[in-house]
Amino acid sequence: MTDADERALVAAAQQDPAKFGELYDQHFGRVYAFVAARVRDRAAAEDITADTFHRALAGLRQYEWRGLPFGAWLVRIAANAIADRARRGSRDVASGDEVPDVGVPPDVDRFDDERARLFQLVDDLPADQRTVILERFAEERSIRDIATRLKKTEGAVKQLQFRALRTLRARMEGADV
Amino acid sequence: MSEHLLIDQLEQALERLLTAGEREHLEALNPALAALLDVARELRHLPRSAFRNRLKADLERSRTTMHVEDHTTTSRPAGFRAVTPYMIVQDAPALIDFVTRTFGGEERHRAIGSAGGLHAEVRIGNSMVMIGGGAPDLQWRGTSMPTALHVYVEDVDAAFRRALSAGATPIYKPMDHDYGERSGGVRDPGGNHWYIATATGPHHVPAGLHTVNICLHPVRGEAVIAFLERAFGARTLEKVASSEGAIQHAKVAIEDSVLEIGDAHGPFQPMPTMFYVFVADVDAAYERALAAGATTISAPADQPYGNRTAGVQDAFGNQWYVAAPVRRN
């Protein structure tokens, strides 16, 4: 999606929040990747990601482009949400509840972008490989459990997992496989 | 090296990585495997599809609410969901101590409320609870209003032991249940029920629920659900009823909060509960609750701490305080 396309989509969502779903689909992976790398566990990552998108939806009309891409604005909200959570023992809810104004986005290192790209590449895997990767890493299931659920042998699941990882690695390096 | 051998070595390394987070030192042995493990390390952060879909649905519902309510939006302090349980006890500091010791709760706020009692907000996992009432050094003399909560922890047996050593009495010992969790129940010294559980699935908190979930055991759950639908636009996510119509288990959502409801039986008797509910429009929410059969406790009014609030009591004895930040215009 080009900058112009995204600006048009944001403007449309500001007029009609029903369009927010498209922005969510576009940016979910990047926001989640940013948050997951900075919090302790999956529950916290999910909680903060949810908080980020709810805040973004509530504050959508306050967003102005002014050189800060929409994705960077979302990451900035996520960074604030992480900071709020880290603030123990105090209740600085007033600042925490506000959608941040346009400004310098927080550090997004190349690993965040690569991780978001990796998540996207998982979606592009052949269906059986994608299922195994999601079951193993997102659902945190054992090879045995996955084999039972998919009605396959453990050996077949391990092989699908191996091939998926090999494909992902190659595609991360730019190979057309 | 044969592919078969590579696959087995990879799986052994992955198992260690996923169970203990241990960095595997295969690099020296085989760079190809090390490269795959690098990918696997990043995949540990892969989001759950169910979460991604549920959040999208939640946002869609929030968006719908925004539209219906004339583009006003629900505004709430960071970390809060729509509905927060509010436990009123005679010794609030003791309950805060219990929650801290048993569940690793983090006290976020403590103040003296308008009625002279203590008001505190405590974070447990990804959820907030409010605790209020008396304290040894306060004059407050009010009525306790204990609550039943379903709390997910990483290790139910350990949390159960911590609860007992923090002064709770057992309701039922931890046991495996066929509905996908191991759980045990305790009653804290203030009278609150805590159903402590660890889900048997991939995460100790099951998809769709939070660390802390409110439980209601009314005499007739169906009537409570009907009230919640009319007053707060609640949605029934799940309902299992007996052939006689008794609710065995139901999950009802108010925006992003889930209430679990089961008709009273055995030790699970009605415990009228106090709730703090963040809404988009306090006055409109108050009117809807009255129209749904609630009676007034307090009409909408701006509070000195920055919220506009109103209170109602439903026909089952539950008290609902609806709140939103005071509008500045």
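Coordinate-derived values only; no laboratory data. Computed from a predicted model, the values in this text were never measured in an experiment. Positions of Cβ are generated from backbone atoms using ideal geometry, with glycine treated the same way; all protein chains shown enter the neighbour counts.
Table for the structure above
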| quantity | calculated |
| --- | --- |
| Residue-averaged beta-carbon neighbours from other chains (10 angstrom radius) around A:135-146 | 5 |
| Sum of side-chain charges, B:Gly167 neighbourhood, beta-carbon under 13 Å (Lys, Arg +1; Asp, Glu -1) | +1 |
| Chain B: Rg to Rh, with Rh as the Kirkwood radius over Cα pairs | 1.04 |
| Residue-averaged beta-carbon neighbours from other chains (10 angstrom radius) around B:201-210 | 3 |
| Rule-of-thumb Rg ratio for the stretch B:232-310 [Cα; 2.2 N^0.38 Å; N residues] | 1.34 |
| For the stretch A:117-177, the fraction of alpha-carbon pairs in successive 10 Å shells from zero, as % | 24, 55, 20, 2 |
| C-alpha center-to-center spacing [the stretch B:217-258, the stretch B:122-193] in angstrom | 23 |
| Averaged over A:11-22, number of beta-carbon atoms from partner chains that fall within 10 Å | 2 |
| Which listed pairs, of A:Lys158/B:Lys251; B:Lys56/B:Lys239; B:Lys173/B:Lys251, have C-alpha distances above 27 Å, in listed order | A:Lys158/B:Lys251 |
| Axial C-alpha extent at least 15 Å, average Kyte-Doolittle at least -1.0 - helices from chain B (DSSP) | B:3-20, B:31-43, B:49-68, B:92-103, B:221-232 |
| Other-chain or far-sequence residues with amide H under 5 Å of B:Gly79's (modelled H) | none |
| Cα-Cα pairs of the stretch B:160-318 separated by more than 25 Å (percent) | 39 |
| Rg in Å to one decimal, and Dmax rounded to a whole Å, for the stretch B:123-253 via C-alpha atoms | 16.3, 52 |
| Gain upon complete extension [B:Thr19, B:Glu222; 0.36 nm per residue less C-alpha separation] | 68.8 nm |
| Protection proxy ranking of B:5-11, B:174-180 - average other beta-carbon atoms within 10 Å, highest first | B:5-11, B:174-180 |
| 34 Å tail of the calculated P(r), the protein assembly as shown, as % of Cα pairs | 42 |
| Kirkwood-Stokes translational diffusion coefficient of the stretch B:184-252, alpha-carbon pairs, 4 °C, 1.567 mPa s, µm²/s | 92 |
| 5 angstrom amide H check on B:Arg308, placed H, neighbours 5+ away | B:Gln303, B:Ala324, B:Val326 |
